[in-house]
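Quick notes on the structure that follows.
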Amino acid sequence: MYTADPSAHVFNGKLYVYPSHDFESGIPEDDLGSHFNMEDYHVFSMDSVGGEVTDHGLALHIDDVPWAGRQMWAPDAAKKGDEYFLYFPVKDKEDIFHIGVAISKNPEGPFEAMDNPIEGSYSMDPAVFEDTDGKYYMYFGGIWGGQLQQWDQGEYLGEDRYPADDEPALAPKVALMGDDMVSFAEEPKDVLVLDEKGDPIVTGDNDRRFFEAAWVHKYDGKYYLSYSTGDTHNIVYAIGDSPYGPFTYKGVILDPVLGWTNHHSIVKYQGKWWLFFHDSSMSGGKTHLRSVKMTELTHNPDGSIKRLNAFVEAESNK
Ligand code: FUB
C-alpha cells in the first residue's frame with residue numbers, strides 16, 4: 001500500500017498517522033495533479049518509534065462523502081473531547097476543491113462524513129493545530145492543482161489569478177475553528193510569510209514562497225509554520241509569535257526527496273520531535289506512488305531547525 005502526506009498526532013499516548021492513500025488509477029500525470037486520484041483513507045498507528053505499524057483498515061471512502069467528486073488529497077485529524085475529526089480535501093462534483101470533515105469516536109475511524117464541506121472552505125491541504133490555550137486553528141491552501149489561485153477573499157474566480165513576480169506571494173489561510181470543530185468561527189485570513197527584512201516573500205521567490213502542505217507546531221513558546229515550496233521541492237519553515245503570524249522565513253527543514261511532491265508533519269512523541277514525510281523510493285520514483293517515512297527532527301539551541309536530507313538519512317540508517 002502506498003501512503004503520502006503524513007499528518008502525525010499523538011492521541012492517548014499512541015502515535016497515529018493520517019496519510020493520503022496513493023494508488024495507480026491510470027490517470028496520466030499533469031501539472032494539476034490529476035494523477036493523484038485517490039479514493040479513500042486508512043489510519044496507521046504505532047506504540048513506539050521503530051515498532052510495528054498497524055493499518056486500521058478503511059477509515060473513509062469517497063463513495064461515503066455525499067458531496068465529493070474526485071481526488072481525496074492530504075488529510076489531517078484532531079481530537080476534541082471524546083471525538084476525533086478527520087479533515088480532508090476533495091473536489092466536489094464541479095471539480096472544485098473544498099475541505100470536508102468526518103467524525104468518529106475512535107482515532108482510527110471508521111469516520112462518518114458530514115453532508116457538506118466546511119462552509120467557507122476552499123483549496124486543499126488542511127492542517128489543524130491545537131494551541132496550548134485549547135483553541136484550534138485550521139491552516140489550508142495550495143497553488144497550481146490545489147486551486148488557491150482561483151479564490152480571492154473567499155470568492156471563487158473560476159480562473160487562475162497569480163500576483164506578479166514582484167508582488168507578495170499567495171498566502172496559506174488560517175481560520176479559528178468553531179466549538180463544534182466542523183465550522184470556521186471566522187473568515188479565513190492570509191498567513192503572511194516575511195523575509196529577513198520584514199518584507200513579504202514574493203511570487204517570484206520560488207525557493208521560499210508557499211506552495212502547499214502548511215503545518216504548524218509550537219516550540220519554546222514560538223509558532224513554527226512549515227510548508228512545501230512545490231516546484232522547488234523543499235520543506236521550509238518560518239517562525240512567529242501568534243498562530244495568525246506574521247511568520248519570518250528561517251530556512252529549509254527538508255531538501256527535495258525522490259519524487260515531485262514534498263509534504264510533511266512535525267510531532268513530539270516520547271520526548272523527541274519527529275518529522276514525517278514521504279518519498280517515491282519504494283515505487284522506483286513514480287510521482288504519485290509515495291511512501292511515508294519518519295526521522296528525528298532537531299531544534300537547535302537558538303530555536304532554528306537542523307536541515308535534513310532524506311538521501312543522506314537513508315544512507316546513515318543502513
Ligand atoms: O497527495 C496529493 C497532493 O500532493 C497533496 O495534497 C499535496 O500536498 C501533494 O503532496
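A few remarks follow.
- Selection status of Pro246, within 16 Å of the ligand (Cβ to nearest atom) and either closer than 21 Å to Ala78 by Cα or modelled with pLDDT of 95 or more (or both): no
- Taking each residue of segment 283-299 that is of a type in the set (Val, Ile, Thr) and looking for partners that are part of a strand (DSSP E or B) and within 16 Å of the ligand (Cβ to nearest atom) with beta-carbon atoms closer than 7 Å, six or more apart or interchain, yields Val292/Thr3; Val292/Ala4; Val292/Pro6; Val292/Val17; Val292/Pro19; Val292/Phe276; Val292/His278; Thr295/Leu275.
- Test: Asn37 is outside any strand (DSSP E or B), surrounded by 15 or more Cβ atoms within 10 Å (Cβ to Cβ) and either at positive phi or more than 15 Å from the chain's Cα centre (by Cα) (or both): yes
- Sole exception among (1) buried (at least 17 other Cβ atoms within 10 Å of the Cβ); (2) not in a loop (DSSP other than H, G, I, E, B) for Gly259, by number: (2)
- When Asp5, Asp30 are screened for being farther than 18 Å from Pro107 by Cβ, of a type outside the set (Ser, Thr, Tyr) and within 16 Å of the ligand (Cβ to nearest atom), only Asp30 passes.
- Being under 30 Å from Ser34 (Cβ atoms), at pLDDT 95 or above, surrounded by fewer than 16 Cβ atoms within 10 Å (Cβ to Cβ) and of a type outside the set (A, V, I, L, M, F, W, C) is a description that applies to Asp231.
This table checks each residue for (1) touching a His at 6+ places or on another chain (Cβ under 9 Å); (2) outside any strand (DSSP E or B).
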| site | (1), (2) |
| --- | --- |
| Val182 | no, yes |
| Glu187 | no, yes |
| Lys197 | no, yes |
| Gly204 | no, yes |
| Ala213 | yes, no |
| His217 | no, no |
| Tyr224 | yes, no |
| Asp231 | no, yes |
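- Pairs are defined by a Cβ separation below 7 Å, a sequence spacing of at least 6 or placement on different chains, a first member in segment 33-49 that is without any contact (Cβ under 8 Å) to a residue 40 or more places away in the chain and within 30 Å of Gly271 (Cβ to Cβ), and a second member that is outside any loop (DSSP other than H, G, I, E, B) and of a type in the set (D, E, K, R); the pairs so defined are Asp47/Lys14.
One line per residue, one yes/no per condition, for (1) in contact (Cβ under 8 Å) with a residue 24 or more places away in the chain; (2) surrounded by fewer than 21 Cβ atoms within 10 Å (Cβ to Cβ); (3) away from the ligand (no atom under 16 Å from the Cβ):
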position: Asp82; (1), (2), (3): no, yes, yes
position: Phe88; (1), (2), (3): yes, no, no
position: Ile103; (1), (2), (3): yes, yes, yes
position: Ser123; (1), (2), (3): yes, no, no
position: Ala127; (1), (2), (3): yes, no, no
position: Asp131; (1), (2), (3): yes, yes, yes
position: Tyr139; (1), (2), (3): yes, no, no
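- Annotation note: of Phe11, Phe36, the sole residue that is among the aromatic types (Phe, Trp, Tyr), at pLDDT 95 or above and away from the ligand (no atom under 16 Å from the Cβ) is Phe11.
- Residue in segment 276-283 that is in a strand (DSSP E or B) and more than 14 Å from the ligand (Cβ to nearest atom) present: no
- If you go through segment 300-317 and keep only what is of a type outside the set (D, E, K, R), more than 15 Å from Phe277 (Cα to Cα), outside any loop (DSSP other than H, G, I, E, B) and modelled with pLDDT under 95, you end up with just Ser316.
The values are calculated or read from the model by the stated rules, or taken from the named source; none is laboratory data. No experiment lies behind these values; they were computed from the predicted model shown. Cβ atoms come from the backbone with ideal geometry, glycine included; neighbour counts cover every protein chain shown.
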